[in-house]
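In what follows, a structure is listed as structure tokens, so that the remarks can point back to it.
Rule-based calculations on the coordinates, nothing more; no lab input. Keep in mind that what you see is a predicted model, and the values were worked out from it rather than measured. Cβ sites come from the backbone with ideal geometry, for glycine too, and all protein chains shown count toward neighbours.
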Amino acid sequence: MSRFVKVATTSELAPGQAKKVEVDGKVIALFALEGGYHAIDDTCPHRGGPLSEGPVEGEVVTCPWHGSSFDVKNGNVLTPPARTGVSSYRVRVSGSDIEVEV
């Protein structure tokens, strides 16, 4: 059964920023975009790069290790060398708390 878990507050992330969070052993990249928050797995499937440390342009994050890019809204891979996307997670804001569904 899934549940929402608080991972940050709205004051911790400005639009265009990312943060690595851990929930139940999962390492998740949390992104703040204009108009909302999104969460995907933090680990690039190509060689394990930390997506939360990659540059964010619009709705796209680029892995800092080898340049694969991913849609932060759904985890889809947009450019190689990664061949597969990453999991995405539902995010909700409750007051000033940002919660991820795991």
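Beta carbons closer than 9 Å, at least 6 apart along the sequence or on distinct chains, pair a first residue in region 79-102 that is closer than 20 Å to residue 25 by Cα with a second that is loosely packed, with under 12 Cβ neighbours inside 10 Å and of a type in the set (Gly, Ala, Ser) for 90/2; 101/2; 102/2. Return the pairs, sorted by first residue and then second, in which the second residue is assigned to a loop (DSSP other than H, G, I, E, B) and among the charged types (D, E, K, R), the first residue lies in region 56-70 and is without any contact (Cβ under 8 Å) to a residue 60 or more places away in the chain, the beta carbons are less than 7 Å apart, and the residues are 6+ apart or on different chains. Filtered contacts from region 56-70: 59/73; 65/47; 66/47. As a summary of the residue check, residue 61 satisfies the conditions (1) assigned to a loop (DSSP other than H, G, I, E, B); (2) of a type outside the set (Ser, Thr, Tyr); (3) crowded, with 20+ Cβ neighbours inside 10 Å except for the one numbered (1). Looking at the structure I just gave you, is residue 23 crowded, with 21+ Cβ neighbours inside 10 Å and touching a residue at least 12 places away in the same chain (Cβ under 8 Å)? For residue 23, the condition - crowded, with 21+ Cβ neighbours inside 10 Å and touching a residue at least 12 places away in the same chain (Cβ under 8 Å) - is not met.
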